[in-house]
Every structure is written in structure tokens, then in C-alpha cells.
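Written out below as C-alpha cells is the structure these notes cover.
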Amino acid sequence: MHYYAVDLESFVFSGAPKYARLSIEERKRLDGGTVVRHVEQLLQLLSRHNTKLSVFTVGEINDWYPGLIESIAREGHEICYHTQNHLYLREPGLLARELEQSKAFIAKYNIKGFQAPAIIFHREDYRLLAASGIQY
């Protein structure tokens, strides 16, 4: 049973325009492995307490550090979806592009859960999520 949920994202996904304009490579360089270090610490803590999480992951982090997401799943934590690039879904239809970019990621981890960045979400996007196999 998963008792908690967390969003796995880097500070470069803060929504600040200065980060949004950067390339994927530039965002990863700025992150500098911070996400990896924090996840490793978190996994050790969770293992000591025999606790499992639902981890709502930005797909771009899987592109940066694919082994990281695999290690989270291997520990028995649920991998969930938090968009590909932490795009704030302010307009209907933006989710379609994010889901298209994340097809392989969603399939690989059999993702069933979704959480929108900043909890911004549109009713018409439920259909897109269901078509991608996302259930909640």
C-alpha cells in the first residue's frame, strides 16, 4: 500500500520564465544531479521505514536520468505522471502534446496516476488521460 505521494521535479520546473526558455540539456545541466541526490536520500529513508510512495514524475527527469526512475520502481514505489515538462496546463489541449511526448514513458511504467502541475487542469483533458491508460 502506498501511504504518501510526492511530486518528483527539479527546481528548474518552478514555472519561472528564465527556466522555461532553456533547452532540455540546459535544464539538466542546471539541475546538476540534485534530483538524483535527493531521490537516493529519500529511497534510503523510505527503505528504513518500509514505506512506499506514489511518485508523480516529470517525464523529462526520466530523459535526464533514466536509471533513477527505474530504481524508484524497483524499490516498489508507484510511478505516476506529472506531465513531460512540468507545463502548466492553463489552456485546454496542452496536455495532448505532453502525453504525446511521454508515450514511451507512460507505457514503460504502466502509469495509472496523474497530477497536473499547480493543480491546473481542464475537464476536457480527462478523455486524453483515459486514452493514455491513466485511471486517476
message: Can you confirm whether residue 106 is within 13 Å of residue 58 (Cβ to Cβ), of a type in the set (A, V, I, L, M) and either open to solvent by 70 Å² or more (accessible area, probe 1.4 Å) or not in a loop (DSSP other than H, G, I, E, B) (or both)?
response: yes
query: Just checking, which of 87, 99, 53, 95 is part of a strand (DSSP E or B), of a type outside the set (D, E, K, R) and surrounded by 19 or more Cβ atoms within 10 Å (Cβ to Cβ)?
result: 53
message: Yes or no: segment 87-100 includes at least one residue that is under 28 Å from residue 131 (Cβ atoms) and in contact (Cβ under 8 Å) with a residue 60 or more places away in the chain.
response: yes
message: Can you confirm whether residue 62 is part of a loop (DSSP other than H, G, I, E, B) and of a type outside the set (A, V, I, L, M)?
response: no
- line: All-but-one check, residue 76 against (1) surrounded by fewer than 19 Cβ atoms within 10 Å (Cβ to Cβ); (2) under 13 Å from the mean Cα position of the chain (by Cα), failing number (2)
- prompt: Limited to segment 21-37, what total is found for residues that are over 16 Å from the mean Cα position of the chain (by Cα) and assigned to a helix (DSSP H, G or I)?
  reply: 5
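The values are calculated or read from the model by the stated rules, or taken from the named source; none is laboratory data. Keep in mind it's a predicted model, so treat the numbers as computed, not measured. Backbone-built Cβ (ideal geometry, glycine too); neighbour counts: all protein chains shown. SASA here: full protein model, heavy atoms, side chains in, ligands and nucleic acids out. Shrake-Rupley method; radii C 1.70, N 1.55, O 1.52, S 1.80 Å.
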